[in-house]
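Notes to accompany the following structure.
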Amino acid sequence: MTFLRVNYLRGPNLWTYRPVVEAWVDIGELEDFPSNTLPGFYERLTAWLPGLIEHRCGVGERGGFLLRLREGTWPAHIMEHVAIELQNLAGLQAGFGKARSTPTRGVYKLAVRARNEQVGRAAVEASRQLVMAAINDTGYDVAAAVATLRGLVDDHHLGPSTACIVDGATERRIPHIRLTEGNLVQLGHGRAQRRIWTAETDQTSAIAEGISSDKDLTKRILASVGVPVPEGEIVETAEAAWEAAEDIGLPVVVKPTDGNHGRGVSMDLKTREDVLAAFEFAARHGSEVMVERCIPGNEHRLLVVGGRVVAAARGETAWVTGDGKADVRALVEAQINADPRRGTTEDHPLNYLRIDEDTAILNDLARQGLTPDSIPADGRRVLIQRNGNVAIDCTDAVHPDVAALVGLAARAVGLDIAGIDVVAEDIGKPLEAQGGAVVEVNAGPGLLMHLKPANGPGRPVGRAIVDHLFPDGESGRIPLVGVTGSRGTTRVARLAAALLGMAGRHVGLANRDGLFLERRRIDAGDGTRWEAGQRLLINRSIDCAVFEHSAERILDEGLVYDRCAVGVVTDSEGLAMLAPWHIAEPEHLYNVLRTQVDVVQDDGAAVLHAADPQLVEMAGLCDGAVILYALDGTLPALAEHRAGGGRALFARDGQIVLARGEVEQWIAPLPAGLDAVDAAGTLAAVAVAVHFGAVVEMIAAGLEAYND
């Protein structure tokens, strides 16, 4: 089998609303050998990928794809399902796929949902290799293939914290744009957008981040507003650390003032020797060292979003019990690292403990008179790690007074999203009653512990962040207009943008003439390209945008946006131009053009040329309203549409007329000197303005002032 083309469609396309990898594959002589004619193929494939039993395929039930395999299907279809399964095994869910033959014998198109381009492309390539290995009985290392894909996920896909926020936005139907190869993501479009960077937002103050990174300053601010914090002071030498410990009272904690993730922290220190060693350890991890009172209890991380606690997790110390035979290193492997919840991927809520590499663990062992090579006596409990195991959900147990205090702590520092570290014996009781305290306030907190805790339910923290950024009623969307067809679409897009601008909107335009911000052209290149359209959507100055799309662009790249307020289709011509894409029949072109109608929002409208029967048929696909237009107001399609209460635009006696049912309204004179294509296109542009509520006088003035 040979790939003729592999392409990534980044927006709504011929296949689906979502991004897909589309591959054209020539299966050659395998056209004569469906799966049921290949000895042992079914057994090898299902042994390698047992999860294929969950694929329903067109049968619509569990095991549906396997039924198709037994009955006989072709390699392109099999590759589709294998690519889906490989992505699922790699941790990126991909439930959609299709495979279709082309007019050329043996050549197929297949499309597979791909949340990430690099992972999707690699999965499609791996699917070809795996299917060929199953056909030829040459063996295939599925585990290695999945490991490679997992590596690509780690290298190229959004991190788990960012991904959960994006998923929360998707639940709310808020669009997103990845702005870098990292975790900087835009939610929404244009003037309505917000930005996130992992668990930081464009509302996260740089000053607040600076405060939170200075533990001493944070403590002073919290104490000033009545939040309980441990007594402590900054010291410059090891001896000063011991003096401070004596003043505060043992036991104490020694830590860097600007460290994070628990680095350089030593806890429960009770001797001069331990404090001196802890000072040197902390000094290596920060610019200054702090000594503070050791608060009894467990470590807790409370996630505060918009002043409200949305999740909480509790930590626990890690211990091993000696047997008089194994050394500490072996006990850690057997009693701690063997826990299936520990690992190196985001699927594991707890990390492996590497005692030879963790200075804090080595220090704790030394305080117990042990090293990794020591063999503890039978029954002796050995402390391995005091903190770093915060992964037990306790959200429902948080006392209201504690929730109020940590919300106050986040506001006092100035963070809209904060991870508040609390040490307490019981998070279900007020802190003061048990001597608990807030020990740290963290900007950009990790979310994984709340998404996939070691114990307890995961919490929808991504959705909570999205709801904070976009309160009820806010969608992050601005009105978008898409114009598709083969004739006159450039002028339609420009005129529609001009009329919307006349109505007071700040309009961006992307068409064949370039990119425009209001009336200023900022790029003379082809504005119909996907990258050009993205430049408009990330621009904070616009509150409306108009895009021109050709059928070729839809086939090559997909639409720039996921949904639009108005979708205009001017005609269903140009079939001959699409032969390179194996688009050979009118119904194939219809399926391409309908993409523009499929993405119209529920409260939007499709604007369709009533003189084209295929476009009239397309009206039934629209989730929103439909406005038909044609120069000839006597067309049966217009009459039928009006009779059903639909809006229609047509020309009569040189005037543009808007009709709904029997009611007609004269809009403006139809500009003179236009050919039939541009005259009809003028009606389409006016229909866009009408949908957005433009008044008649404004439309008339806009048409008169418009200079093509």
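What follows draws every value from the coordinates through simple rules; no lab data is involved. Quick caveat, the model's predicted, so the values are computed rather than measured. Cβ coordinates were reconstructed from backbone atoms using ideal geometry, including for glycine residues, and neighbour counts include every protein chain displayed.
Can you list the equivalent-ellipsoid semi-axes of segment 168-236, largest first and in whole Å, using the square root of 5 times each Cα gyration tensor eigenvalue? Intermediate results must be reported in sequence, preceding the final value.
Values: eigenvalues 260, 37, 20 Å².
Calculated on Cα positions only, the semi-axes equal 36, 14, 10 Å.
Counting every alpha-carbon pair across the chain, the share separated by more than 45 Å comes to 40%. Each residue of segment 662-708 gets 91 Å³ once the volume of the Cα convex hull is shared out per residue. All C-alpha pair distances within segment 575-708, sorted into 10 Å bins from zero, spread as 12, 40, 33, 13, 2 percent across the bins.
Give the shape of segment 508-631 as rounded, prolate or oblate, defined through the alpha-carbon gyration tensor: a ≥ b ≥ c are the square roots of its eigenvalues, a/c under 1.5 means rounded, and otherwise the shape is prolate if a/b is larger than b/c and oblate if not. It comes out oblate by the Cα gyration axes.
An ellipsoid equivalent to segment 350-469, defined through the eigenvalues of its Cα gyration tensor, has semi-axes of 32, 18, 14 Å when rounded to whole angstrom and sorted largest first. Computed from Cα atoms, the angle from the helix 142-156 axis to the main principal axis of the chain rounds to 90 degrees. Relative protection proxy for 277-287, 478-488, from highest mean packing down: 478-488, 277-287 (other beta-carbon atoms within 10 angstrom).
Taking segment 108-203, how much of its Cα-Cα pair set, in percent, is spaced more than 21 angstrom apart?
47
For the chain, the longest principal axis of the alpha carbon atoms and the long axis of helix 75-89 meet at an angle near 30°.
Of the beta bridges in the chain, as assigned by DSSP with both residues counted there, near 75 percent are antiparallel. Only DSSP H runs of four or more residues enter the estimate; each adds -39500 (n - 2.57), and after division by the residues of the chain the mean residue ellipticity at 222 nm equals -10000 deg cm²/dmol. Taking 0.692 mPa s as the viscosity and 37 °C as the temperature, the Stokes-Einstein diffusion coefficient of segment 318-385 based on its alpha-carbon Kirkwood radius rounds to 271 µm²/s. Rounded to 0.05, the FRET efficiency of the residue 327 and residue 404 pair, given R0 = 60 Å and the Cβ-Cβ distance, is 0.80. Expressed as a fraction of 2.2 N^0.38 Å, the C-alpha radius of gyration for segment 159-276 is 1.53. Largest first and in whole Å, the equivalent-ellipsoid semi-axes of segment 480-705 read 25, 22, 15, each the square root of five times a Cα gyration tensor eigenvalue. Dimensions of segment 2-157 along the principal axes, based on C-alpha atoms and rounded to the nearest Å, stand at 39, 36, 30, largest first.
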